[in-house]
Amino acid sequence: VQLQASGGGLVQAGGSLRLSCVVSGRTVSTSVMGWFRQAPGKEREFVAVIRSTGAKQYADSLKDRFTVSRDNAENTVYLQMNRLKPEDTAVYYCASRLHWITNCCRSSDFYSWGQGTLVTVSS
């Protein structure tokens, strides 16, 4: 399984970015696809997840600004990030696992990871 994340970059506070995660070797529509982020000096944290059913979950602090989606035909998962803040600066990772588990989602729940894409939000 390979996950290729892209779309990061430098953006001013208040701006938007859309991250993409192209997946090969696994079908996103039948998998659990997650987004995580890791800021400098901090632990990796959960951002959002989309289940095979299409159900979505978000970190409480991000659900009003971030949206996870997928394109089954492109086998790609997206993370739309709006009204970005300097504290959103981090490396963003996409991840996958085959089946949903109760009390998802810690980073240790996922066993396939992309390489990460850096998002920098300037004030």
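The values are calculated or read from the model by the stated rules, or taken from the named source; none is laboratory data. Since the model is a prediction, treat every value here as computed from it, not as a measurement. Neighbour counts run over all protein chains shown; Cβ positions are idealised from the backbone, glycine included. Note: accessible area is taken over every heavy atom of the protein model, side chains too, but ligands, DNA and RNA are not part of it. Shrake-Rupley method; radii C 1.70, N 1.55, O 1.52, S 1.80 Å.
Counting only heavy atoms of the protein chains, get the accessible area per residue of the chain (1.4 Å probe) and round it to a whole Å² value.
Heavy-atom SASA per residue in the chain reads 51 Å².
Applying 1/(1 + (r/R0)^6) with R0 = 30 Å to the Cβ-Cβ distance of residue 13 and residue 99, what FRET efficiency is obtained, to the nearest 0.05?
0.20
Calculate the dipole size of the chain relative to its Cα centre from +1 charges on Lys and Arg beta carbons and -1 charges on Asp and Glu beta carbons; express the result in debye to the nearest 20.
Dipole magnitude for the chain comes out near 100 debye.
Of all accessible surface on the range 1-119 at a 1.4 Å probe, what whole percent is carbon and sulfur?
Values: 2690 of 6040 Å².
Heavy-atom surface of the range 1-119 belonging to carbon and sulfur, 1.4 Å probe: 45 percent.
Give me the one-decimal nm value for the distance between modelled label points at residue 1 and residue 24, 7 Å along each residue's Cα-to-Cβ direction.
Spacing of the two 7 Å Cα→Cβ label points: 1.7 nm.
Using θ = phi - 60° and the Karplus relation 6.51 cos²θ - 1.76 cosθ + 1.60, list the HN-Hα couplings for the range 107-121 in order, rounded to whole Hz, with x at every Gly or Pro.
With the stated coefficients, the range 107-121 comes to 4, 6, 6, 10, 10, 10, 10, x, 7, x, 9, 7, 10, 10, 10 Hz.
Give, to the nearest whole percent, the P(r) tail of the chain beyond 24 angstrom, counting all Cα pairs. Don't jump to the answer; show the numbers that get you there.
Working: 1370 of 7503 pairs.
Value for the chain (Cα pairs over 24 Å): 18 percent.
Using only Cα atoms, locate the centre of the range 1-38 and the centre of the range 73-121, then give the distance between them in Å, rounded to an integer.
So the separation of the two Cα centres works out to 6 Å.
Using Cα pairs under 8 angstrom and six or more residues apart, how large is the relative contact order of the chain, in percent? Please list the in-between numbers first.
Numbers: 307 pairs, mean separation 45.1, N = 123.
37 percent.
Sort 22-35, 47-60 for me by packing, meaning the mean count of neighbouring Cβ atoms within 10 Å per residue, highest on top.
With the highest mean Cβ count within 10 Å placed first, the list reads 22-35, 47-60.
Give me the lysines in straight-line cross-link reach of residue 42: C-alpha distance below 23 Å, same-chain residues under 8 apart excluded.
Of all the lysines, those that pass the test against residue 42 - Cα under 23 Å, at least 8 places apart if same chain - are 63, 85.
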